[in-house]
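Have a look at the structure below before the remarks.
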Amino acid sequence: MDPTPRPALRRSAPAPVLALLAVAALVVGLLVTLTPATAQAAPTLLSQGRPATASSTENVGTPASAAVDGNTGTRWSSAFSDPQWLQVDLGATSTISQVTLNWEAAYASGFQLQVSNDAVNWTSVYTTSTGTGGVQNLAVTGTGRYVRMYGTARATQYGYSLWEFQVYGSPATTCATGNAAQGRPATASSTENAGTPASAAVDGNTGTRWSSAAADPQWLQIDLGSQQTVCGAQLQWEAAYATAFQLQVSNDAVNWTSLYSTTTGTGGTQTLALNGTGRYVRMYGTARATQYGYSLWEFQVFTTTGSSPTPTPTPTPSPTGDPFWGDPSTIPPAQNVVMVKVLNRTNGAYPDSQVYWSFNGQTHSIADQPYLDMPANSAGRMYFYLGSPNSKYFDFIEFTVGAGVFNGNTTRVDAFGLPIAMRLHASDGYDVQVGETQSVFNENRTQFFQDFVNAVPQEFKVLAQTQAPYRIIAPGSDPSFQTGGANAGYFTSYAASVGVNAPTSDVFGCAGVLAANAGECAALNRHVATLPQSQWSDPSQYYKAAPANYYAKFWHDHAINGLAYGFPYDDYAGQSSYISHANPQWLEVAVGY
């Protein structure tokens, strides 16, 4: 692809009328019919300003969001290859009556319109190989949430480009009064005691209750048994209520969408109107009104299908996906070396619009662009931020990418900022994960910092406090382990016992006299330096006694397959999170909180 951005190709005809495409489906197997038609008086515009994503973008000036911003002077354009797609999330199941595509000159001669309940499994509802570009008005009969234009053949040498992508219709409005949550399976982040289980909040008895541990955040979640359109909820709080909480929905109990958020909760009985779809519904509490936990007499959920839905079996994970990593078959092929997809695994703490990635001058939220087509580069870093592009909540991965090979790793050499995990897949079937375990992603941040404090000796506890709540820093960066600090002598005697004259900070950082001796530096950090060198590569001997790098040990204990980069030469004896493979296809990066 030509790296030089091309100018927009303008037609000589008058500027086309605003319009767009889309459709989404609520029920698996729903039949949606499309027939080309003259545009009629359109009902409510549903797609404008909604989250839009794409398989690729031509450059930073042509993002997916530009096709749903209502401005015919901005546009989405893709990479110069087939296939490519643009998708919009309507936020909730809606009745769709009209779709319009407003093409720039780089239009599709072949494309499909597809609908999905979950943005993973797609059904084609319209197909053409004779697209004409311009403004295409399509009458639509159906209901759904997600819609995408899936381009299979370009009319020009450029990519696909849309000025606007719009969906018209009306949101579903009938809300049943039956409690869809009653008697359904309920789980929680914690319980105060055995007498206040999660199930007590959905048993229909206002004399029993769920209550949590006295910490923030906490959550209570209900499995409705099948995907439902959620239109309301009622929270009956005990005296220990939430001043700040979110109501969230999910199709997989991993990826959450917030339907309601407040920081001024009043307790008592709160009846709230909602609009979203999902199988799972959760109350996610972030601030308590009392010194106690969160406590609910009843948590009722109202849906457009009423109470007692017919449960659907929990799906068996397919070989191509699981609830944490999702379905990688939707990842578009790379035009450069490897396609990177960033996953929001913050458990609802941050929406996709507040999860950012940054690389080589590009910065995007994953709501705008979840993909990066990674080119060959030397000694690169990709940063991830939560909340804003310059937030103090950040972390990164490191890599060197060749013409046909990926070399990279997660790292805790400097600090821990966010839970990070990577999954690399190559054309020969190589598929490897590194980084923090999924249990780390599932744990709330406050508790995880406390886990570190509980796991390490007294000298290391300060590392989780110096820059809390943002970072757990490496010991070599903390003043207490540096010259003049309280722990400056932590490693010096042990190092001297094997003939190494180095300050403690140099041992942690493999610097000074240890900079050129990976084996000895690793042995000192792992407390095996006094053993025969043949045992320096035996992980069963590591960290058995002090002094040792207990900061690094903690990351190994919380890493996939025990592999982590806790200090610069942690790759000695193959103990680091470094992965390398030829002909990579895609890399998923999970970002937690």
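The values are calculated or read from the model by the stated rules, or taken from the named source; none is laboratory data. Quick caveat, the model's predicted, so the values are computed rather than measured. Neighbour counts run over all protein chains shown; Cβ positions are idealised from the backbone, glycine included. These area figures cover heavy atoms from the full protein model, side chains too; ligands, DNA and RNA do not enter into them. Shrake-Rupley method; radii C 1.70, N 1.55, O 1.52, S 1.80 Å.
The set of residues from segment 173-194 being in a loop (DSSP other than H, G, I, E, B), of a type in the set (Gly, Ala, Ser) and in contact with a strand residue (DSSP E or B) (Cβ under 9 Å, 6 or more places away or on another chain) comprises 176, 178, 180, 181, 189, 190. Contact map, segment 281-298: first residue in contact (Cβ under 8 Å) with a residue 60 or more places away in the chain, second residue basic (Lys, Arg), Cβ cut-off under 8 Å, separation 6 or more or different chains; pairs are 294/288; 295/209; 296/209; 297/209.
Conditions tested, residue by residue: (1) under 27 Å from residue 341 (Cβ atoms); (2) aromatic (Phe, Trp, Tyr); (3) part of a loop (DSSP other than H, G, I, E, B).
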site	(1), (2), (3)
516	no, no, yes
525	no, no, no
547	no, no, yes
551	no, yes, no
555	yes, yes, no
566	yes, no, yes
573	no, no, no
577	yes, no, yes
589	yes, no, no
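If you filter segment 271-302 down to residues that are in contact with a Lys or Arg (Cβ under 8 Å, 6 or more places away or on another chain) and either outside any strand (DSSP E or B) or open to solvent by 10 Å² or more (accessible area, probe 1.4 Å) (or both), you find that the one that is farthest from residue 242 (Cα to Cα) is 297. For segment 213-225, a residue qualifies if it is out of contact with any strand residue (DSSP E or B) (no Cβ under 6 Å at 6 or more places or on another chain) and part of a strand (DSSP E or B), and exactly one does: 225. Against the list (1) in contact with a strand residue (DSSP E or B) (Cβ under 7 Å, 6 or more places away or on another chain); (2) crowded, with 20+ Cβ neighbours inside 10 Å, the condition residue 368 fails is (1). Looking only at residues in segment 72-131 that are at pLDDT below 90, assigned to a loop (DSSP other than H, G, I, E, B) and within 27 Å of residue 326 (Cβ to Cβ), the one that is most open to solvent (accessible area, probe 1.4 Å) is 121. When residues in segment 517-575 are screened for being farther than 29 Å from residue 423 by Cα and in the same structural domain as residue 458 (by the TED database), 0 of them pass.
Look through segment 132-151, keep the residues that are polar (S, T, N, Q) and within 21 Å of residue 89 (Cα to Cα), and return whichever of them is least open to solvent (accessible area, probe 1.4 Å). Full working, then the answer.
Here is the first cut: in segment 132-151, the residues polar (S, T, N, Q) are 132, 136-137, 141, 143.
With the extra rule that they be within 21 Å of residue 89 (Cα to Cα), the set shrinks to 136-137, 141, 143.
On the way: 136: 25, 137: 45, 141: 94, 143: 42 Å².
Once the filter is applied, the top-ranked residue is 136.
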